[in-house]
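See below for the structure under consideration.
Read-outs: derived from the displayed coordinates by stated rules, not from any lab. No experiment lies behind these values; they were computed from the predicted model shown. Virtual Cβ from ideal backbone geometry, glycine too; neighbours counted across all protein chains shown.
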Amino acid sequence: MITHCYQHRVRYRECDPMGMVYHAHYVDYLEAARTEALRAMGLPYRELEAAGIIMPVVDLSLCFHRPAYYDELLDILTFIDQLPTVRFRLRYEVRRHETQELLATGQVTLCFVDRKRNRPIRAPRLLLDTLERALTIRTEEQAL
């Protein structure tokens, strides 16, 4: 399994009149976490797009456990537990950094589309190679 932690500090404009993070902002948090997880593995989204591959979201679910508040530092954990084929599923946990209290869980499923033909394609080799390399490094680190 590949795990990546992205940190985000809650901005004032992300809070609703009740002082809590407005629920729709969690979608942005997950997108940022996904983008940064791929970047940390050496594959910025820009490279996929340059190769003519886009990855639209086809399914998204979120479950809210506790609220987050203004100026809190959040850890958004991204979990990749299987190599993609036609779809790419990622799981998420949003935690309060200071206490590691679980605030939200989520799952996003993406598909792969050839931008020029606007047709679904299988997982690109570019992504598979990146994920396999990250899994190999992780496995080697765990063996030490």
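Between E98 and T136, what's the calculated FRET efficiency when r is the beta-carbon distance and R0 is 30 Å? Round to 0.05. Between E98 and T136 the formula returns 0.35.
Approximating the spin labels as points 7 Å out from Cα along Cα→Cβ, the M20-to-E47 distance works out to 4.0 nm.
For the pair E72 and A32, label points projected 7 Å from Cα toward Cβ lie 1.5 nm apart. Computed on the Cα trace of the chain, the radius of gyration divided by the Kirkwood hydrodynamic radius gives Rg/Rh = 1.00.
How about segment 69-112: which chymotrypsin sites (Phe, Trp or Tyr not before Pro) there lie in a loop by DSSP and see at most 14 other Cβ atoms within 10 Å?
Passing both the DSSP loop test and the Cβ count: Y70.
Take the chain and mark each of the GluC sites (Glu not before Pro) that is in a DSSP loop with at most 12 other Cβ atoms within 10 Å; the longest unmarked stretch, sites excluded, is 1-97. Full extension of the chain between N118 and T85 yields a length gain of 10.1 nm, computed as 0.36 nm times the residue separation minus the alpha carbon distance. Taking the longest Cα principal axis of the chain as reference, the axis of helix 125-143 is set at about 70 degrees.
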